[in-house]
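So the structure is just underneath, and the comments pick up after that.
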Amino acid sequence: MWKKASEAFKDFSSLCVVNLAPRSSLRNPDIEAAVIKATSHNDSHIDYHSAQRIFAWIRVSSHYVRPVMSALSTRMEKTRSWTVALKGLMLLHGVFSCKVPAVQRIGRLPFDLSKFRDRNPNCSHQEAFIRAYYKFLDKKSSFLFNHSQERKNQERTRTRRGKHSKETKPRQSSMMQDLVWLENLQELLDILLKIRPQKEKMMNVLISEAMNCIIIEIFDIYIRICNGIAGVLVRIYSAAKSEAERALLVLRTAAVQGEELSRYVQFCNDCGVLKASECPKIVHIRDEDIRALEQVINSDAFQKKTEQLSPKEEEKQNDSTSDSETTITEDSEDSNQEQ
């Protein structure tokens, strides 16, 4: 009882300080108050109304992203409460679903929970959950930033080419770009599948809601991977051998991740995660599919095509996109994380 009263007083004191703070480009008392309410110390209640107000502000104007991130960072840097930290991460997850350019420009997160510790020494499982969730959001934010930068570079290139060319339609992405995109999505999925409660008694209202957000994100990414693989396989006969071999690695990874995803969904169902029961059917990559691709790559016809490809043509197909960090398309921000 004393603990709940103490935590409620902390939130009340923070709200009082915010109400006295002057406005600036980075400080908005209304936003800071909404962030405090959305990340309160109450471990049995989530203030959806305050979170939705924040998302609405961001959608109205991207100028609100900076004060929201500033207020959230201040809150996260100071806290030693796993409840506040988890609510902050869920709030940030929802911010990523707001389809405004400013969200893509955040880059590495301005706060660090990779070594988060709760003041209570008996919260090691919650601490591990926080650190794993933070790792994913930090990685996703970096990917969004890299994607935004690459799009800018592509626009500049198209603009320069447009001055000397009649081409008006955007060029199709190269096979290597698509493969790098798929590899990065698979990396994100690997990180997501490591986020899980370690004890059944951890499954309170907060962990359950966080797991709902995570399972939605997992299937959003997994569906994109499946669609991306289908698009790559359609073009496999026109690919260079290096691209085909890289596609084979992507396919093998997808096969492993499909099995891991099945186990993860079963785990979530056992824990009572609501969204796990609403998941679409998992598409598994069969061993026959992998062997079929191997046969295509090793076939005489494919070998002859590769041998006939001049060095300049192969270099053109495998240009600098191999070092690209592109991962998430513009549509992928809409991952239904609006809590």
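General observations
- Tally, over segment 235-261, of residues that are over 18 Å from residue 286 (Cβ atoms) and in a helix (DSSP H, G or I): 8
- When restricted to residues that are of a type in the set (Gly, Ala, Ser) and closer than 19 Å to residue 75 by Cβ, segment 92-106 contains 1.
- Condition check for residue 187: within 30 Å of residue 123 (Cα to Cα), in contact (Cβ under 8 Å) with a residue 12 or more places away in the chain and surrounded by 17 or more Cβ atoms within 10 Å (Cβ to Cβ): no
- Restricting attention to segment 235-272, the residues being free of Cβ contacts under 8 Å to residues at least 40 places away in the same chain and closer than 30 Å to residue 212 by Cβ number 9.
- There is no residue in segment 46-59 that is touching a helix residue (DSSP H, G or I) at 6+ places or on another chain (Cβ under 9 Å), crowded, with 21+ Cβ neighbours inside 10 Å and of a type in the set (D, E, K, R).
- Failed item in (1) in contact (Cβ under 8 Å) with a residue 12 or more places away in the chain; (2) under 30 Å from residue 150 (Cβ atoms); (3) assigned to a helix (DSSP H, G or I), with residue 275 passing the rest: (2)
- When the criteria are applied in full, residue 56 fails the requirement of being outside any helix (DSSP H, G or I) and without any contact (Cβ under 8 Å) to a residue 24 or more places away in the chain.
- Residue 197 meets each of the listed conditions (1) touching a Phe, Trp or Tyr at 6+ places or on another chain (Cβ under 7 Å); (2) surrounded by fewer than 19 Cβ atoms within 10 Å (Cβ to Cβ) apart from (2).
- Sole exception among (1) part of a helix (DSSP H, G or I); (2) modelled with pLDDT of 85 or more; (3) of a type outside the set (Ser, Thr, Tyr) for residue 316, by number: (2)
- With respect to the stated conditions, residue 175 is farther than 18 Å from residue 136 by Cα, surrounded by 21 or more Cβ atoms within 10 Å (Cβ to Cβ) and at pLDDT below 90.
- Of the criteria (1) assigned to a loop (DSSP other than H, G, I, E, B); (2) under 26 Å from residue 58 (Cβ atoms); (3) among the charged types (D, E, K, R), which one residue 151 fails: (1)
- Being within 15 Å of residue 38 (Cα to Cα), free of Cβ contacts under 8 Å to residues at least 40 places away in the same chain and buried (at least 21 other Cβ atoms within 10 Å of the Cβ) holds for only one residue in 72, 92, and it is 72.
- Filtered by the rule that a residue be closer than 13 Å to residue 133 by Cα, of a type in the set (A, V, I, L, M) and not in a helix (DSSP H, G or I), segment 90-115 gives 109, 113.
- Filter pass, residue 128 being touching a Ser or Thr at 6+ places or on another chain (Cβ under 7 Å), surrounded by 16 or more Cβ atoms within 10 Å (Cβ to Cβ) and either of a type in the set (Asp, Glu) or touching a residue at least 12 places away in the same chain (Cβ under 8 Å) (or both): no
- Of residues in segment 253-284 being surrounded by fewer than 14 Cβ atoms within 10 Å (Cβ to Cβ) and of a type in the set (Lys, Arg), the one modelled with the lowest pLDDT: 281
The values are calculated or read from the model by the stated rules, or taken from the named source; none is laboratory data. Bear in mind the structure is a predicted one, so any value in this text is a computation, not a measurement. We place every Cβ from the backbone using ideal geometry, glycine too, and count neighbours over all the protein chains shown.
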